[in-house]
Each structure stands twice: as structure tokens, then as C-alpha cells.
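Taking it in order: structure first as C-alpha cells, then the write-up.
The values are calculated or read from the model by the stated rules, or taken from the named source; none is laboratory data. Remember, it's a predicted structure, so these values are computed and weren't measured experimentally. Counting neighbours? That spans all protein chains shown, and the Cβs are built from the backbone with ideal geometry, glycine included. We work out accessible area using only protein heavy atoms, side chains counted, and drop any ligands, DNA or RNA first. Shrake-Rupley method; radii C 1.70, N 1.55, O 1.52, S 1.80 Å.
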Amino acid sequence: MKKNGKFSKVYLGIILLFIYLPIFFVVMYSFNESKSTAVWGGLSFKWYKDLLRDRDIMEALRNSLVLGVISCFTSAVIGTVGAVGMARSHLRMKGVVEYVARLPIMIPEIILGMVFMAFFSLMNLPFGMVTLVIAHTAFCIPYILMMVKARLVGMDPSLEEAARDLGASSMRTFMDITLPLLMPAVLSGSLLAFAMSLDDVVISIFVTGPRLNTLPIKVYSQMKFGVTPEINALCTLMLGATLLVLFLYSLLKRLHK
């Protein structure tokens with residue numbers, strides 16, 4: 001048993017090393033004075049200053065944030081309402097509907113991108129922010145749908161019944177009882193959907209316009225010329241922002257308890 005315990009710790013240590021060592025080097029070289037990763041030129045914030053002065057990257061970052069917020073909010077509304085509706089319905093084809101609703105996360109992204117491109121071309125819809133929002137909303141909905149559906153399984157239906165017995169309407173019951181209980185699942189699904197939207201490259205390439213760049217597409221296009229220190233600085237800032245959001249989320253959960 002002791003040998004197995006030691007082996008498990010060593011195995012876990014190796015896995016964590018492979019996961020976090022590349023992140024450590026990205027953060028470290030973002031502060032490197034030298035442009036080459038083969039030479040350590042000293043500690044410097046030079047590349048962060050260059051990053052903030054790079055209009056193309058800043059514009060791509062702004063586009064990605066706007067796209068992520070809009071698609072995340074839209075998918076949160078549709079996914080939450082859809083999950084509640086399916087949980088309350090008694091359709092014979094309910095299982096088929098739920099399966100179809102989960103399809104976007106099971107279909108390869110390259111196929112989804114080609115389907116969206118063909119659909120938008122058929123509709124004569126100009127490629128740009130509108131097509132990006134529609135596409136990102138479509139593949140973000142299942143993440144929120146599954147989170148909310150799982151939360152609904154553990155909810156006590158007598159709470160809603162009590163509210164209805166006291167004279168509350170269906171909408172008042174949903175807003176005052178159901179939605180607050182579902183909010184942790186909605187927030188968790190929304191964070192996951194936002195991360196997926198911010199990270200997407202394949203679908204975005206198919207549905208974006210010629211004059212509109214998102215951050216992943218911009219980084220991907222620059223990767224052809226090698227990883228620049230500015231990209232390392234950008235990754236470090238995004239990592240810091242992610243850790244900050246996770247810290248604030250865990251802090252809010254503790255305060256509500």
C-alpha cells in the first residue's frame with residue numbers, strides 16, 4: 001500500500017510538471033529583455049509596453065471580449081430557458097430533443113465551421129460580428145444547457161409548488177425561486193462558454209469577415225512567424241485575468257455561504 005501511495009504521488013507530480021512547466025516558461029520569457037528565448041537578457045517589462053501599443057492585437061482582444069460577452073449572455077438565456085422547458089415538458093420525443101441540443105459540442109469544429117459558412121452564404125448574411133455571434137452562441141448553448149439541467153435534477157420541486165400555492169404566477173415563481181437556485185449552474189456554464197468562445201479558432205476562421213480579427217485568429221496567424229515575446233506577455237496577462245476571475249468567484253461563493 002505504501003509503495004502504491006508513493007507511486008501515485010510521483011505519477012501526479014510528473015503529470016503536474018508536464019502541465020504547468022510550459023506555462024511557467026511562457027510567463028518567465030514574457031519578462032525576458034532579450035527577444036530570443038535561448039538567451040536570458042535580464043528582467044524587463046518591455047514586451048508588455050509593446051503589447052499595449054500594438055493596435056492590431058488590442059483591437060483583436062476587444063473584438064474577442066465583445067464577442068464572448070454577447071454570445072455568452074445570449075446562450076445563457078437560451079440555454080437556461082431551454083433546460084427549464086425540457087425539464088417541465090412531457091414530450092414523447094424529449095430524449096431526441098435533448099440529444100439534438102447537445103450535438104454542437106459533439107460535432108467536430110471544422111464541420112460546424114463549414115456548415116455555418118454554407119448557411120450564412122445561403123442566407124446572404126455578411127460575414128462579420130453578427131455571423132460570429134450566431135455561430136458562437138450556437139456552440140455555447142449546450143454547455144449552459146447541461147449545467148442547468150444537472151442543477152434541475154437536484155432541485156426540490158416542492159419549493160416551486162409552494163410558491164404557486166401562495167398565489168405566485170409562473171413567471172414570478174421562475175424569477176424569485178427557480179432562477180436564484182439555478183444561478184450557480186448558470187454562472188458556471190457561462191464561464192465555461194465564455195472560455196470556449198474566447199479560445200475558438202476553427203469556427204471563427206470560417207465565419208469571420210475579411211476586416212474583423214479575433215484574438216485567437218490573430219495569434220494563430222502570427223504563429224507562422226514564430227512565438228514573439230508579445231504573445232508571451234499576452235498569455236501571461238490572460239492567465240492572470242483568469243486566476244483573478246476564479247479567485248473572485250470562489251470568494252463570492254464563500255460570502256454567500
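Key figures for this structure:
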| quantity | calculated |
| --- | --- |
| Segment A162-M28, extension gain: residue separation times 0.36 nm, minus the distance between their alpha carbons | 42.5 nm |
| Where a label projected 7 Å from the Cα of M155 along Cα→Cβ would reach, residues of region 74-91 with amide N under 11 Å | 80-88 |
| Under 18 Å, Cα to Cα: Lys pairs in the chain, sequence gap 8 or more or different chains | 4 |
| For region 235-249, Karplus couplings with θ = phi - 60° (6.51, -1.76, 1.60), whole Hz, Gly/Pro x | 4, 5, 5, 5, 5, x, 5, 5, 5, 5, 5, 5, 5, 5, 5 |
| Spatial separation of Cα centroids for region 47-66 and region 187-257, in angstrom | 12 Å |
| Fraction of accessible area attributable to carbon and sulfur, region 54-235 (%, probe 1.4 Å) | 69 percent |
| Solvent-accessible area per residue, Å², over the chain with all protein chains present [probe radius 1.4 Å] | 65 Å² |
| Sorted peptide list for 29-36, 41-48, 230-237, criterion being average Cβ within 10 angstrom, highest first | 230-237, 29-36, 41-48 |
| [x] 219; [y] 162; [z] 127, with the label sought being that of the calculated volume of the Cα convex hull per residue in Å³ | [x] |
| Given charges at beta-carbon only (K, R positive; D, E negative), |dipole| of region 119-257 in Debye | 260 debye |
